[in-house]
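A short worksheet on the structure shown next.
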Amino acid sequence: MAARLRASGAVTVVPPLLGVADAGPPFWPSVAETVGGSIGGLPRWTAWWDESDVAPMFPDPQTRRVVSAEQPRLPLSYYEQKVPVPDGWDDAACGYLLFGPPYEQAAQDARERGWDVDHVPGLHLHQLVDPDR
């Protein structure tokens, strides 16, 4: 079954469960620990969406391969962390480059901080698609 899922493009993990009953009851902690330890992080972010949504973000298949190979598989807790913000961090000269509608709120936040905001229409990785612009 795992091979069929992989062939269809699904990210598949099959944890070894042979020894999960060795510790005795309750069995579920051993199962949960084994499964959790087999994962090592979320799939790379380019695997989160359909290929038809991700492919246009890259200028060509080679760039896609290079960027995808550099993506770490991060644990969910990576995205749940609150980053401490030192006092005065945004008093320095800052700017925000807006590529598209999903980032309008971030651009508005930058404007409210007094930052320069420029808009270059594009997608999430537009700096790869049109680096000269």
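In debye, nearest 20, what is the charge dipole magnitude of the chain about its Cα centre with +1 on Lys and Arg Cβ and -1 on Asp and Glu Cβ, if you could check?
700
When the helices in the chain are scored as -39500 (n - 2.57) per DSSP H run of 4 or longer and the sum is shared across all residues, what 222 nm value do you end up with, to the nearest 500 deg cm²/dmol?
-9000 deg cm²/dmol
Just for the Cα atoms in the range 55-96, what are the lengths along the principal axes, largest first, rounded to whole Å?
42, 29, 15
Only loop residues by DSSP count here, and only those with at most 10 other Cβ atoms within 10 Å; note down the trypsin sites (Lys or Arg not before Pro) in the range 53-102 that meet that.
Those that pass, being in a loop and sparsely packed, are Lys82.
Show me, for the range 17-25, the HN-Hα J-couplings you get by feeding each phi into the Karplus relation (A = 6.51, B = -1.76, C = 1.60, θ = phi - 60°), rounded to Hz, glycine and proline as x.
10, 4, x, 5, 8, 5, 6, x, x
State whether the range 1-76 is rounded, prolate or oblate according to the following rule on the C-alpha gyration tensor (a ≥ b ≥ c being the square roots of its eigenvalues): a/c under 1.5 gives rounded; otherwise a/b larger than b/c gives prolate, and the remaining case gives oblate.
Verdict is prolate for the range 1-76.
Under 5 Å between amide H atoms, partner at least 5 residues away or on a different chain: which partners does His119 have, H built in plane at 1.01 Å?
Leu98
Given H placed on each backbone N at 1.01 Å, which residues far from Leu42 in sequence or on other chains put an amide H within less than 5 Å of it?
Leu74, Leu76
Once ligands and nucleic acids are excluded and a 1.4 Å probe is used, how much of Glu51 is accessible, expressed in Å² to the nearest 10?
For Glu51, the solvent-accessible surface is approximately 110 Å².
List the residues whose amide H sits under 5 Å from the amide H of Cys94, counting only those 5 or more places along or on another chain, with H placed 1.01 Å from N in the peptide plane.
Asp116
Please turn the phi angles of the range 114-131 into ³J(HN,Hα) values with the Karplus equation 6.51 cos²θ - 1.76 cosθ + 1.60 (θ = phi - 60°), one per residue in order, whole Hz, x for glycine and proline.
After applying 6.51 cos²θ - 1.76 cosθ + 1.60, I find x, 7, 6, 10, 10, 10, 10, x, x, 9, 3, 10, 4, 4, 8, 6, 9, x Hz.
Hey, what do the phi angles of the range 77-86 turn into as Karplus ³J(HN,Hα) couplings, whole Hz, using 6.51/-1.76/1.60 and θ = phi - 60°, x for Gly and Pro?
4, 4, 7, 8, 6, 9, 7, x, 10, x
Normalised by the number of residues in the chain, what is the relative contact order in percent for Cα pairs under 8 Å and 6+ residues apart?
19
Round to the nearest 10 and report in Å² the accessible area of Ser77, as given by a 1.4 Å probe over the protein chains' heavy atoms.
60
Size of the chain along its principal axes in angstrom, Cα-based, largest extent first?
Principal extents (Cα only, largest first): 62, 41, 21 Å.
The values are calculated or read from the model by the stated rules, or taken from the named source; none is laboratory data. As the structure is a prediction and not an experimental result, all values here were calculated from the model. Cβ: placed from backbone, ideal geometry, glycine included. Neighbour counts: every protein chain shown. SASA here: full protein model, heavy atoms, side chains in, ligands and nucleic acids out. Shrake-Rupley method; radii C 1.70, N 1.55, O 1.52, S 1.80 Å.
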